[in-house]
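Report on the following structure.
The values are calculated or read from the model by the stated rules, or taken from the named source; none is laboratory data. All of these numbers come straight from a predicted model, not from anything done at the bench. Here Cβ is always computed from backbone atoms with ideal geometry, including for glycine, and neighbour counts include all displayed protein chains. Protein only, heavy atoms only, side chains kept; ligands, DNA and RNA dropped before computing areas. Shrake-Rupley method; radii C 1.70, N 1.55, O 1.52, S 1.80 Å.
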Amino acid sequence: MCGIVGIVSDKPVSTRLMEGLRRLEYRGYDSAGIAVVNGRGIVRRRAPGKVLNLQNLLDGAPIDGNCGIAHTRWATHGRPNEQNAHPHQAGNVAIVHNGIIENFKSLRQEMANKGRVFATETDTEVIAHLIQDNMDEGLSGEDAFLAAVERLEGAYAVAALVGEANQTLYAARHGSPLVVGFGKGEMFVGSDAFALAPFTKRVLYLEEGDSAVVEIDSVRVRDEEGASVNREILTASISTVMAEKGNYRHFMEKEIHEQPEALARTMAAYIDPETDLPALGETAPLLKNADRLIAIACGTAFYAASVGKYWFEALAGVHVETDIASEFRYRTPALPQNGAALFISQSGETADTLAAMRYCNRAKVDTIGVLNTPESSIARETKTNLRTMAGPEIGVASTKAFTAQLAVLAMTAIGTASLRGRLSEAETQEHIRALQALPELVQKALATKAQCQAIAPILAKAKQTIFLGRGGYYPLALEGALKLKEITYLAAEGYAAGELKHGPIALIEEGTPVVVIAPNDPLIEKTVSNVEEVAARGAKVIAITDEAGAESFDTRAEHTIILPNLPGLTGPIVSAIPLQLLAYYTALELGTNLDQPRNLAKSVTVE
Ligand code: F6R
């Protein structure tokens with residue numbers, strides 16, 4: 001959600017602010033803006049839509065200075081137009097913000113009562129007015145900023161320019177991430193280390209409630225209580241090269257193709273090469289002794305958790321409850337006495353997942369992160385972490401992060417079963433060796449590309465598409481439908497195959513595409529019966545199965561996408577590939593913006 005970048009330097013900063021914004025665009029692309037301090041005070045440019053629109057504006061009407069802030073917006077309050085684009089300005093203050101200020105209405109009223117005039121519909125503008133108002137009352141820029149931030153309720157990361165000639169960046173975080181970067185003769189602030197990667201890898205993560213005063217060669221950080229603190233300077237692990245599109249048309253396409261490598265990396269981190277047994281490190285004792293597990297996440301990560309539930313229960317005999325973070329956090333859940341909670345998240349910053357995790361921390365439940373971003377808030381606050389090694393995921397639709405989450409959950413379920421004596425050493429090794437085949441199996445699944453591309457026009461023309469699966473493939477049906485809707489804007493629904501006749505079968509009409517995910521397993525014939533039911537009502541069946549399952553579909557499916565045979569727990573992981581490819585090629589057919597679909601943003605840091 002919304003990207004922030006700021007630079008204070010001994011040279012002009014505009015070009016690099018724009019470079020930072022381009023890297024942050026995956027966080028929101030409703031509008032973009034930039035403000036710098038120069039001899040004319042604070043000057044700014046803002047444009048609706050993509051960063052490219054702002055670049056075009058700047059090309060025609062350049063501004064520059066040695067200290068500046070910039071923003072790419074995912075709109076919450078106020079329409080995504082130029083007027084509501086950040087930075088917002090009040091007098092000699094300009095501000096960029098990520099998050100939501102929950103008490104903005106009362107603050108706005110208070111400022112309006114003092115005669116301050118508002119130019120936007122946003123919750124953010126009030127922060128600029130509060131700071132300016134504090135300065136008018138005689139506070140220094142720094143004190144004015146700190147006093148304003150103290151009054152804010154909600155989730156925010158803010159960066160501000162304060163004063164008409166002040167070469168200083170002011171920053172604060174509460175609920176939304178913010179990093180400070182260290183360069184040579186210059187300093188940075190950013191929503192994430194990825195935005196700063198072209199400039200520096202030396203970063204400091206502000207903690208909850210921290211504020212920072214960033215000057216050309218120094219940073220002073222205060223904690224929530226206002227006490228000066230030293231936060232550790234780390235070397236960010238993100239490679240700038242990994243975040244280029246290379247020869248691919250889209251990040252999504254690239255990330256789909258990176259899966260064999262991402263899975264190999266992820267598994268290597270959790271398999272003891274000497275014994276072929278799972279190595280879960282400090283997470284092992286938490287899982288061995290838990291009487292119950294809860295697995296919490298949002299969106300695609302929730303579907304990964306849902307597949308994990310099937311594996312944990314079947315192999316390790318542990319009861320697993322799954323929950324959507326936004327529901328869990330507000331429903332006073334009954335927590336396990338002696339259990340553990342898993343939080344699955346690509347970004348590690350999703351506001352609802354973070355809040356759910358904090359709820360469990362407060363209740364003294366052991367918290368375990370399954371995370372792709374090691375420096376994220378969830379990674380830092382969970383008791384232990386299991387990292388997915390997918391690398392930076394830039395495409396808004398999650399692909400390689402999802403399969404890496406599944407790989408970690410599979411490994412963890414096998415490891416837990418082994419720790420609890422439910423799998424012998426030989427059985428454990430057999431399961432692990434099956435997972436080790438994943439990179440090769442996924443490579444073969446990528447070869448279904450041409451067939452998926454050929455099927456895409458059918459989905460592109462359909463009023464809606466139905467996805468069906470049973471067991472571990474049921475969450476895959478939900479994921480297949482989500483992938484299709486989010487990048488094509490077409491109607492799609494996923495159902496448990498056995499649930500169809502309880503209502504949803506009414507949706508089937510002549511020609512409705514039904515994508516059924518059913519590689520060979522003990523339930524395949526049950527799913528095939530459900531396929532018969534929809535085919536009899538005119539559905540166009542597209543089966544995703546494996547070599548051993550292909551015969552079951554025989555003439556029942558109009559198209560059969562055949563994956564290699566899928567041993568052990570590999571089935572749901574490999575089946576994700578054709579689902580991603582179907583969505584990708586359908587979106588390509590329709591010409592939608594694949595990497596930045598409308599209304600969405602990567603990393604949902606508002607609730
Ligand atoms: C869909 C998608 C989202 C995310 C969800 C959680 O393709 O990417 O549904 O999975 O917003 O995000 P993380 O994993 O960052 O917590």
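Rounded to the nearest 0.05, what FRET efficiency is calculated for Glu547 and Asn361 with R0 set to 45 Å and r the Cβ-Cβ distance? The partial results should precede the final answer.
Numbers: r = 46 Å, r/R0 = 1.03.
Computed FRET efficiency for Glu547 and Asn361 comes out at 0.45.
Tell me, what is the percent relative contact order of segment 249-436, built from C-alpha pairs under 8 Å that lie six or more residues apart?
Details: 366 pairs, mean separation 56.5, N = 188.
That works out to 30 percent.
May I ask for the angle, rounded to the nearest 10°, between helix 14-24 and the longest principal axis of the chain, with both axes built from Cα atoms and the value confined to 0 to 90°?
Helix 14-24 sits at roughly 30 degrees to that axis.
So what are the ³J(HN,Hα) numbers for segment 418-423, from phi and the Karplus equation (6.51, -1.76, 1.60; θ = phi - 60°), rounded to whole Hz, Gly and Pro as x?
Computed from phi, the couplings for segment 418-423 are 5, 4, 8, x, 8, 10 Hz.
Mind checking the alpha-carbon convex hull of segment 214-312 and giving the volume per residue in Å³? Spell out each step's value before the answer.
Details: hull volume 25.6 nm³, N = 99.
Looking at segment 214-312, the number lands at 259 Å³ per residue.
Quick check on packing: order 42-53, 381-392 by the mean number of other C-beta atoms within 10 Å, highest mean leading. List each step's numbers first, then the result.
Details: 42-53: 19.6, 381-392: 21.8.
Ranking, from highest mean packing down: 381-392, 42-53.
Across the Cα atoms of the chain, what radius of gyration and what greatest pairwise Cα-Cα distance (Dmax) are found, in Å?
25.3, 81
Once amide H atoms are built 1.01 Å from N in the peptide plane, which residues 5 or more positions from Ala75, or in another chain, come under 5 Å H to H?
Placed amide hydrogens put Asp30 under 5 Å from Ala75.
Zone of Ala61 (label point 7 Å along Cα→Cβ, backbone N under 19 Å): which residues in segment 1-40?
Of the residues in segment 1-40, 14-15, 18, 31-40 have backbone N under 19 Å from the label point off Ala61.
I'd like the carbon and sulfur percentage of the solvent accessible area for segment 525-583, probe radius 1.4 Å, heavy atoms only, ligands and nucleic acids excluded. Don't skip to the answer; put the middle values down first.
Details: 850 of 2010 Å².
Of the solvent-accessible surface of segment 525-583, carbon and sulfur hold 42 percent.
Pop out the ³J(HN,Hα) list for segment 443-451 in order, Karplus 6.51 cos²θ - 1.76 cosθ + 1.60 with θ = phi - 60°, rounded to Hz; leave Gly and Pro as x.
4, 5, 5, 5, 6, 7, 3, 5, 5
Could you pull the Rg and Dmax for segment 21-113, using just the Cα atoms, both in Å?
13.6, 40
Over the Cα atoms of segment 244-365, what Rg and Dmax result, in angstrom?
Answer for segment 244-365, Rg first and Dmax second: 16.6, 51 Å.
Leaving out ligands, DNA and RNA, and with a 1.4 Å probe, what % of the accessible surface on segment 269-313 is carbon or sulfur?
Of all accessible area on segment 269-313, carbon and sulfur atoms account for 52 percent.
Just to confirm my numbers, what's the Cα centroid distance between segment 7-36 and segment 69-87 in Å?
Between the Cα centre of segment 7-36 and that of segment 69-87, the gap is 14 Å.
Using modelled backbone amide H atoms (1.01 Å from N, in-plane), which distant-in-sequence or interchain residues come within less than 5 Å of Phe467's amide H?
Those qualifying (amide H under 5 Å, at least 5 residues apart or on another chain) are Glu493, Gly494, Tyr495, Val515.
Accessible area per residue for the chain in Å², computed with a 1.4 Å probe and the full protein assembly in place, what is it? Walk me through the intermediate numbers first.
Numbers: 22250 Å² over 607 residues.
Dividing the accessible area of the chain by its residue count gives 37 Å².
How do the peptides 298-309, 151-162 rank, highest first, by the average count of neighbouring beta carbon atoms within 10 Å per residue? If you can, show how the numbers build up before the last one.
Numbers: 298-309: 25.7, 151-162: 23.7.
Listed from highest to lowest mean packing, they are 298-309, 151-162.
Given the convex hull over the Cα atoms of segment 445-594, what projected area results after averaging over all orientations, in nm²?
Taking the Cα atoms of segment 445-594, their convex hull projects to 7.6 nm² on average.
Could you check the spin-label model distance between Glu215 and Asp272? Points 7 Å from the Cα along Cα→Cβ, value in nm.
My value for the distance between the label points is 5.4 nm.
Just by accessible area at a 1.4 angstrom probe, what is the order of Asp123, Asp276 from largest to smallest? Write out the running numbers ahead of the final one.
Values: Asp123 5, Asp276 30 Å².
The ranking, largest first, comes out as Asp276, Asp123.
Whenever you get a sec, compute what percent of the accessible area on segment 25-65 sits on carbon and sulfur atoms (1.4 Å probe). Don't jump to the answer; show the numbers that get you there.
On the way: 790 of 1540 Å².
Ligands and nucleic acids excluded, carbon and sulfur reach 51 percent.
Show that you can apply the helix-only estimate: for the chain, add -39,500 (n - 2.57) for every DSSP H stretch of four or more residues, divide by all residues, and state [θ] at 222 nm to the nearest 500.
Details: 21 runs with 224 residues, N = 607.
When only DSSP H runs of four or more count, the value is -11000 deg cm²/dmol.
Packing-wise, with mean Cβ within 10 Å as the measure, how do 568-575, 314-321, 542-549 rank, highest first?
On the way: 568-575: 25.9, 314-321: 18.2, 542-549: 23.4.
Packing order, densest peptide first, comes out as 568-575, 542-549, 314-321.
Mind listing the phi-derived Karplus ³J(HN,Hα) values for segment 494-506, rounded to whole Hz, using 6.51, -1.76 and 1.60 with θ = phi - 60°, and x for any glycine or proline?
Values, residue by residue: x, 9, 5, 3, x, 8, 4, 6, 8, x, x, 4, 4 Hz.
Please state the relative contact order of the chain as a whole percent: Cα pairs under 8 Å, 6+ residues apart?
Values: 1451 pairs, mean separation 71.1, N = 607.
For the chain, the relative contact order is 12 percent.
Assuming 0.890 mPa s and 25 °C, estimate D for segment 3-235 with Stokes-Einstein, Rh taken as the Kirkwood radius over Cα pairs, in µm²/s. Intermediate values should be presented prior to the final figure.
On the way: Rh = 17.0 Å.
Estimated via Stokes-Einstein, D reaches 144 µm²/s.
How high is the FRET efficiency from Glu232 to Asn103, r the C-beta distance, R0 45 Å, rounded to 0.05?
On the way: r = 32 Å, r/R0 = 0.72.
Computed FRET efficiency for Glu232 and Asn103 comes out at 0.90.
Using only the alpha carbon atoms of segment 58-177, find the Kirkwood hydrodynamic radius as the inverse mean reciprocal pair distance, in angstroms to one decimal. Please report the intermediate quantities before stating the final value.
Values: mean 1/r = 0.0690 Å⁻¹.
Radius from the Kirkwood sum: 14.5 Å.
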